[in-house]
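K.L.:
If you scroll down you'll find the structure; I have some questions about it.
The values are calculated or read from the model by the stated rules, or taken from the named source; none is laboratory data. Quick caveat, the model's predicted, so the values are computed rather than measured. We place every Cβ from the backbone using ideal geometry, glycine too, and count neighbours over all the protein chains shown. Remember, those area values only see protein heavy atoms, side chains included, never the ligands or the DNA or RNA. Shrake-Rupley method; radii C 1.70, N 1.55, O 1.52, S 1.80 Å.
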Amino acid sequence: MSSPSPAPSAAAGVAKIRPLGPEDIGHVRAMLAKRDGHAWDERSTAWFLHGLDPQRCMAWGAFVGDKPVGLTSMFLRTLSVGGGTERVAYWANLYVDPDYRDQMLYPRLPMMMLTSLKALGIEMLYAPVRLPQLTKAHLGLGFAKVGAMEVLVRPLRPARFICKYKRLGWARPLAGTVDAAFGAVLALTAARPATGARIDDGPIEQRPVEQLQAVATLIGERSAGRIAQLWSAELLQQRYGQTREGGSYRLATAWRGDALQAAAIYRLAERGDGIQVGVLMDFAFREGGEADGAVALRAVEKATLAAGGELLLYLDGLGDANRQLLKRRGFRSSPENYEFLVWPKKLATAEARFGDWNRWAFSFRDHDAF
């Protein structure tokens, strides 16, 4: 009987970590494809990581010989903080090849990244984390928890969703009847535009720059006094140029004359078991403009239904006004939560500028993983 083969990492040698540059996009693409279980093309990878331009995104890779086996990255962002601005880092894309997890690449990769922050003059790094075991590991690296966000869910085809989620293939023929009845109720209770309101909905890249600037202004007004990314028409174009898979983001807007009253940026996506969802990336409406916000949401519902969607998702980090309207429009709490972490932990104290969770504004637009 032959002896078992050594683990790949032991046989191949110790992984070495180095910074990644634009010439490493192919290595990053390979690791993201292995992490996600589906192919990434080189163009989408370069877009997602801003071409590894060190002014916008920095990454580190672990290699055994020429083989990439680990990845971590951070996006460099400008936040509005206390009436001024601050350059910070946002942590994303931590991945270690399962065959090489005996090499302590977690925590080696993040420690390499954290060590680099000081040389860049960056004093804060933040990250939302969905998995409790990963939160615990991050706390061991010197992070602190600032707050938590629920993922809110709006059922659109609840019976078909349950059939997919519970893998009840035998019940699928019945689901159509149940969902048709649910859809009829949904249509009867749907918000309708008030007199004088105009609703537009379509791919965001087709909107003229002046409309995108109006959206950026509305987002800024909604986030006034809170810790949030700063947006302009140009930055919205960059952010929503494409989805990670190469598709389009969409924008639903409510107008009165030339004045923007509400905006919902969203996309269509697939989760596990073939579950189709609409994802609210950002949502804003003017003070007192709940009715216009509701009809913008209805446009998102209709587009998601037309695309075969079962659910709408929203990351509840944009304040009470959004939450109250969404709850009235049928959104409910789900089992999914994100814990919001900052590093170093001294920044999370009550008197620190980043420590008050109620001052933050954060959504799927900032995170882009669901």
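K.L.:
Could you list, in sequence order, the residues of segment 29-51 that are open to solvent by 30 Å² or more (accessible area, probe 1.4 Å) and closer than 21 Å to P98 by Cα?
P.N.:
R29, A30, K34, R35, D36, G37, H38, A39
K.L.:
Could you check segment 237-263 and list, in sequence order, the residues that are open to solvent by 40 Å² or more (accessible area, probe 1.4 Å), out of contact with any Lys or Arg (no Cβ under 8 Å at 6 or more places or on another chain) and in a strand (DSSP E or B)?
P.N.:
Scanning segment 237-263 gives a single hit, A259.
K.L.:
Kindly indicate which of G13, G26 is farther than 26 Å from I227 by Cβ, modelled with pLDDT of 90 or more, open to solvent by less than 80 Å² (accessible area, probe 1.4 Å) and of a type in the set (G, A, S).
P.N.:
None of the others qualify; the one that does is G26.
K.L.:
Of all the residues that make up segment 283-292, how many are small (G, A, S) and surrounded by 24 or more Cβ atoms within 10 Å (Cβ to Cβ)?
P.N.:
Total meeting the criteria: 1.
K.L.:
What is the number of the single condition among (1) assigned to a helix (DSSP H, G or I); (2) open to solvent by 70 Å² or more (accessible area, probe 1.4 Å) that Y100 does not meet?
P.N.:
That leaves (2) as the condition not met.
K.L.:
Quickly run through segment 151-180 and pick out the residues that are at pLDDT below 80 and open to solvent by less than 20 Å² (accessible area, probe 1.4 Å).
P.N.:
A171, A175, D179
K.L.:
I've got another one for you. Going by the structure shown, is Y126 buried (at least 18 other Cβ atoms within 10 Å of the Cβ) and closer than 23 Å to H27 by Cα?
P.N.:
Judged against the criteria, Y126 is not a match.
K.L.:
Starting from segment 62-89, keep only residues that are in contact (Cβ under 8 Å) with a residue 40 or more places away in the chain, then list their pairs with residues that are open to solvent by 10 Å² or more (accessible area, probe 1.4 Å) and of a type in the set (D, E) whose Cβ atoms are within a distance under 7 Å, requiring at least 6 positions of separation or different chains.
P.N.:
L79/E86
K.L.:
Would it be correct to say that W360 is of a type in the set (A, V, I, L, M, F, W, C), surrounded by 17 or more Cβ atoms within 10 Å (Cβ to Cβ), touching a residue at least 60 places away in the same chain (Cβ under 8 Å) and out of contact with any Lys or Arg (no Cβ under 9 Å at 6 or more places or on another chain)?
P.N.:
No: the conditions fail for W360.
K.L.:
Within segment 351-370, track down each residue that is over 19 Å from E86 (Cβ atoms) and of a type in the set (A, V, I, L, M).
P.N.:
A369
K.L.:
Another question about this same structure. Which condition number does L109 fail, the rest of (1) in a helix (DSSP H, G or I); (2) touching a strand residue (DSSP E or B) at 6+ places or on another chain (Cβ under 9 Å); (3) open to solvent by 80 Å² or more (accessible area, probe 1.4 Å) being met?
P.N.:
L109 satisfies all of (1) in a helix (DSSP H, G or I); (2) touching a strand residue (DSSP E or B) at 6+ places or on another chain (Cβ under 9 Å); (3) open to solvent by 80 Å² or more (accessible area, probe 1.4 Å) except (3).
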